[in-house]
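See structure below.
Laboratory data are not the source of any read-out in this text; all were calculated from the coordinates shown. All of these numbers come straight from a predicted model, not from anything done at the bench. Don't worry about glycine lacking a Cβ; one is built from the backbone with ideal geometry, like all the others, and counts go over all protein chains shown.
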Amino acid sequence: MMDIQNYIGGELRPPASGRYLDNFEPATGELYSRVPSSDASDLEAAVDAAQSGFLAWSQTPAEERSRVMLSLAEGIEARAEELALAESKDNGKPVSLARTLDIPRASANLRFFAAAATQFFSESHQMEMGAINYTLRQPTGIVGTISPWNLPLYLFTWKIAPALAAGNAVIAKPSELTPMTAYLFSTICRDVGLPAGVLNVVHGEGAVIGQRLVEHERVSSISFTGGTVTGRAVARTAAPMFKKLSLELGGKNPTLVFADAVFEDAVEGAVRAAFSNQGEICLCGSRILVESSIYERFRDAFVERVSTLLVGDPNASSTQQGAVVSEAHMNKILGCIELAREEGGTVLVGGERVRPPGRCENGWFVAPTVVEGLGPSCRTNREEIFGPVVTLMPFDTEAQALDAANATDYGLACSIWSQDISRCHRLAAGIHSGLVWINTWMLRDLRTPMGGMKQSGVGREGGFEALRFFTEPKNVCIKYG
Ligand code: TXE
């Protein structure tokens, strides 16, 4: 049984208390490693290490920070296959997805922000009466990053990379459900010679070490990705302390399909948006709204396509749907399907647990599920399920589609499938979400702002937005005569 370790002050260390949490492989339901159950004393050590790390790192020229970050990206690339296998085992996702999405994106995050570190700039404002203002953008100090289990190394690096690029020291708290690739990344940091204390990784329970990180007086900013309920608890702690706060929370994203869409592209796009990563991506399109004139044709083609998705051992290269992250999460998803039935929905395909034969028969798998017959205001269409469950709803007019799309408390993403460019622009402006995809889904340019409105969060990640979040702007005004 392998014991994962914290990474504090450049060293891999066991938790001070010697206590660990069990870590399971979702595809088999078996215990396979242990993760530190860190507490306040581990955090204190991490804060002390980060304080001295910050002194050195914030004075390191951007070009040198960039060089070190590029060597971390190279470290990921050199161990890509090991990391992909580890991510798949820890999370349950198909190894093919970890190979093509998670791990390449983790190194891309570091490469992108390594470059951004040398390209960041600030404003200056000339006054006609003979004065000039310029903005200094200085790192905020020790920042806390809290990341979730659905895209473990991808979202871990998405936060630490801009924080490090801007010259901060970081204390990162990965999800206790998927700690393995953050641990392996710690070994890369050690091998590459990242200066001690610049990045510290503290593992453990959210309510214990995550909460302590948010409330620590020497931690200046918190960047959090996770559930809306947890995000609210984080905000409750951080706001009265006036910390900088970035919250990337849940979604209940609509996919809008109009009769003039390229039909095959819309079906394929809607399947991908609904079921990628078992539906465990905050950007997944879990409510599909289809124009009435093509509703039945679309429904039949969609259901046929979904019934061909291969659910099974994440190690098999043919697998398209792996296990969901935990037994508790599987039960939550199955409970949501039950609720959909109670609300009057009809399950067209899926709707139950899957037990793949062989080594995965006790794993936590849910069949890709399609429900129809529910209106936009029921709980199934308003609450985030975060699993392979999607609803289909017809609409008659563009105005109806927009109303239904906006009928949730979330506002993260949407995708629109239509060839009418004027309609696409109108809807993009009218939809309450931070991201709009037209005739595509999850096509990401790392320079663009990423985040949501309403209960999907506060602030934006990505590009210079992220570097602005991880720096404190200071205006300097000079009068020259
Ligand atoms: O995530 P949590 P959970 C949604 C999805 C899912 C639901 C709950 O709907 O079903 O959230 O998932 C840490 N102080 N998303 O409960 O708890 C925790 O250790 C500080 C959407 O598993 O939000 C982990 O590192 N930190 C989402 C991180 O928060 C705390 C991704 C996220 O876990 C904490 C995941 C606390 N009090 C779930 N409690 C997305 N937006 O992509 C927990 N944590």
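With both bridge residues required to lie in region 253-445, what share of the DSSP beta bridges run antiparallel, to the nearest 5%? Intermediate results must be reported in sequence, preceding the final value.
Details: 5 of 27 bridges.
About 20 percent, rounded to the nearest 5.
Give the Rg/Rh ratio for region 391-443, taking Rg as the radius of gyration of the Cα atoms and Rh as the Kirkwood radius, to two decimals. Please list the in-between numbers first.
Values: Rg = 10.7 Å, Rh = 11.5 Å.
Ratio value, two decimals: 0.92.
Can you say what percent of the DSSP beta bridges in the chain, counting only those with both residues inside, are antiparallel? Round to 5.
Values: 33 of 74 bridges.
That works out to approximately 45 percent antiparallel.
For region 376-481, which trypsin sites (Lys or Arg not before Pro) pass both filters: DSSP loop (anything but H, G, I, E, B) and at most 14 other C-beta atoms within 10 Å?
Answer in residue order: 382, 444, 447.
Could you check the spin-label model distance between residue 343 and residue 428? Points 7 Å from the Cα along Cα→Cβ, value in nm.
For residue 343 paired with residue 428, the spin-label model returns 3.0 nm.
If you count the DSSP beta bridges with both ends in region 1-95, what percent of them are antiparallel, to the nearest 5?
80 percent
Averaging sequence separations of C-alpha pairs under 8 Å and six or more residues apart, then dividing by the length of region 253-445, give the relative contact order as a whole percent.
Answer for region 253-445 is 28 percent.
Give the long-range amide H neighbours of residue 413: residues separated by 5 or more places, or on another chain, with amide H under 5 Å away, using H modelled in the peptide plane at 1.01 Å from N.
Correct list: 252, 434, 435.
Could you put 246, 96, 292 in order, starting from the residue whose Cβ has the fewest other Cβ atoms within 10 Å?
292, 96, 246
Exactly which chymotrypsin sites (Phe, Trp or Tyr not before Pro) in region 147-254 are in a DSSP loop and have at most 10 other Cβ atoms within 10 Å?
Filter output for region 147-254: 242.
If I model a spin label as a point 7 Å beyond the Cα along the Cα-Cβ vector, how far apart are those points for residue 315 and residue 409 in nm?
Here the answer is 4.2 nm between the modelled labels.
Between region 94-116 and region 418-443, what's the alpha-carbon centroid distance in Å?
26 Å
Between region 130-180 and region 191-237, what's the alpha-carbon centroid distance in Å?
Computed from Cα coordinates, the inter-centre distance equals 10 Å.
Sequence gap at least 6, Cα distance under 8 Å: using those rules, report the relative contact order of the chain to the nearest whole percent.
Details: 1141 pairs, mean separation 91.0, N = 481.
Value for the chain: 19 percent.
When N is the residue count of region 267-424, what does its C-alpha Rg come to as a fraction of 2.2 N^0.38 Å?
1.04
Between region 263-304 and region 320-367, how many Å separate their Cα centres?
Computed from Cα coordinates, the inter-centre distance equals 18 Å.
Write down the Kirkwood hydrodynamic radius of region 1-138, to one decimal in angstroms, obtained as one divided by the mean of 1/r over all alpha carbon pairs.
18.6 Å
How high is the FRET efficiency between residue 440 and residue 480 when r is their beta carbon distance and R₀ equals 60 Å, given to the nearest 0.05?
0.75
Going by alpha carbons, how many degrees (0 to 90, nearest 10) lie between the helix axis of 228-238 and the longest principal axis of the chain?
Compared with the principal axis, the helix lies near 20 degrees.
Could you work out the local net charge near residue 249, counting Lys and Arg as +1, Asp and Glu as -1, over the other residues with Cβ closer than 10 Å to its Cβ?
Taking every Cβ under 10 Å from that of residue 249, the sum is 0.
When Lys and Arg each count +1 and Asp and Glu each count -1, what net charge do the other residues less than 12 Å away from residue 32, Cβ to Cβ, add up to?
Neighbourhood net charge equals -3.
Round to the nearest 0.05 the FRET efficiency obtained for residue 121 and residue 2 when R0 = 45 Å and r is the Cβ-Cβ distance. Present the calculation step by step, with values, prior to reporting the outcome.
Numbers: r = 45 Å, r/R0 = 0.99.
Given R0 = 45 Å and the Cβ-Cβ separation, E is 0.50.
Show me the ranking of peptides 194-200, 332-338 by mean Cβ neighbours inside 10 Å, starting with the highest.
Values: 194-200: 23.6, 332-338: 17.3.
The densest-packed peptide leads the list: 194-200, 332-338.
Based solely on its DSSP helices, what 222 nm [θ] is calculated for the chain when runs of n ≥ 4 H residues each add -39,500 (n - 2.57) and the sum is averaged over all residues, nearest 500 deg cm²/dmol?
Computed mean residue ellipticity for the chain: -11500 deg cm²/dmol.
Between 0 and 90 degrees, rounded to the nearest ten: what's the tilt of helix 421-430 against the longest Cα principal axis of the chain?
Approximately 60 degrees, to the nearest ten.
Sorted by mean Cβ packing within 10 Å, highest first, what order do the peptides 41-47, 86-92 take? Show your work: numbers first, answer last.
Working: 41-47: 21.6, 86-92: 27.7.
Descending packing order for the listed peptides: 86-92, 41-47.
Quick check on packing: order 298-307, 402-411, 354-363 by the mean number of other C-beta atoms within 10 Å, highest mean leading.
The most tightly packed comes first, giving 402-411, 298-307, 354-363.
Rounded, prolate or oblate: which fits the chain, taking a ≥ b ≥ c as square roots of the Cα gyration tensor eigenvalues, rounded meaning a/c under 1.5, else prolate when a/b beats b/c? Don't skip to the end; give the middle numbers.
Working: a/c = 2.02, a/b = 1.30, b/c = 1.56.
The shape class here is oblate.
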